[in-house]
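Notes follow once the structure below has been shown.
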Amino acid sequence: MSEQRPAAKQQVLGRWVGALRRPSVKYSLLTLLLAGVLSGIVFWGGFNTAMEATNRMEFCIGCHEMRDTVYQEYKKTIHYSNRTGVRAACSDCHVPKAWGPKMWRKIQATGEVYGKIMGTIDTPEKFEAKRLILAEREWKRMKANDSLECRNCHSFDGMSKEAQTSTAWRRHQAGLKKGETCIDCHKGIAHKEPAGTKKAEE
């Protein structure tokens, strides 16, 4: 009896080894599908983590071009410090939330990385020389998407008439009727307006 047990164990082990050497089509497809799903989860998780990491304030101000210029201006605004403690980070205003537009914006941002690598904006003087071009490009993008990033937090129907001055309320209502968007009037809300714009020259 004891001699039959090792023989039975060897037969079972032999069947397992045989199945691994020559798996059935059903198990091969199942294994392939499972490996594909797990690989997809790992890839998507890694990709999404990287995308979110590039939306963090620390990433945005990681280079001195941003840290020493526009970040210093932003720190003096209501979007950085206010009575309610709600802070809008760089990505809240400059990166769309929806996946497709977010990916397109990330692709566009590689042009800014190119500017960093090539040294076209690597000093305050060079940055100021390009500021109007950079700002106009961003204003055009925001105008085209109806100031979508602004509207993620602000909406006309959420505005309280009582909490605004009468002038602000009238201007908002007039802008709404004309089909204007936030960026038409609020260009200098987080950063100083570049030389060459009407407001900067006043």
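Among the residues of the range 150-174, those identified as modelled with pLDDT under 90 and either among the small types (Gly, Ala, Ser) or not in a loop (DSSP other than H, G, I, E, B) (or both) are 151, 155, 156, 157, 158, 160, 163.
Checked against the criterion of being at pLDDT 75 or above, of a type in the set (Gly, Ala, Ser) and part of a helix (DSSP H, G or I), the candidates 35, 7, 19 yield just one match: 35.
Evaluate the range 76-88: report whether one residue or more is closer than 18 Å to residue 189 by Cα, touching a residue at least 24 places away in the same chain (Cβ under 8 Å), open to solvent by less than 70 Å² (accessible area, probe 1.4 Å) and assigned to a helix (DSSP H, G or I). So far as the range 76-88 goes, no, none of its residues is closer than 18 Å to residue 189 by Cα, touching a residue at least 24 places away in the same chain (Cβ under 8 Å), open to solvent by less than 70 Å² (accessible area, probe 1.4 Å) and assigned to a helix (DSSP H, G or I). Residue 161 meets all of the listed conditions (1) open to solvent by less than 80 Å² (accessible area, probe 1.4 Å); (2) without any contact (Cβ under 8 Å) to a residue 60 or more places away in the chain; (3) not hydrophobic (A, V, I, L, M, F, W, C) but one, namely (1).
Each row is one residue, and each column tells you yes or no for (1) under 23 Å from residue 97 (Cβ atoms); (2) within 27 Å of the chain's Cα centre (by Cα); (3) loosely packed, with under 13 Cβ neighbours inside 10 Å.
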{"site": "111", "(1), (2), (3)": "yes, yes, yes"}
{"site": "121", "(1), (2), (3)": "no, yes, no"}
{"site": "130", "(1), (2), (3)": "no, yes, no"}
{"site": "133", "(1), (2), (3)": "no, yes, yes"}
{"site": "180", "(1), (2), (3)": "yes, yes, no"}
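Taking the numbered list (1) at pLDDT below 90; (2) open to solvent by 40 Å² or more (accessible area, probe 1.4 Å); (3) closer than 19 Å to residue 134 by Cβ in turn, residue 94 passes all entries but (1). For the range 32-46, which residues satisfy the criterion of being open to solvent by less than 70 Å² (accessible area, probe 1.4 Å) and within 18 Å of the chain's Cα centre (by Cα)? Within the range 32-46, 45, 46 qualify.
The values are calculated or read from the model by the stated rules, or taken from the named source; none is laboratory data. No experiment lies behind these values; they were computed from the predicted model shown. Note: ideal-geometry Cβ built from the backbone for every residue, glycine included; neighbour counts use all protein chains shown. Side chains included, ligands, DNA and RNA excluded: accessible areas come from the protein's heavy atoms. Shrake-Rupley method; radii C 1.70, N 1.55, O 1.52, S 1.80 Å.
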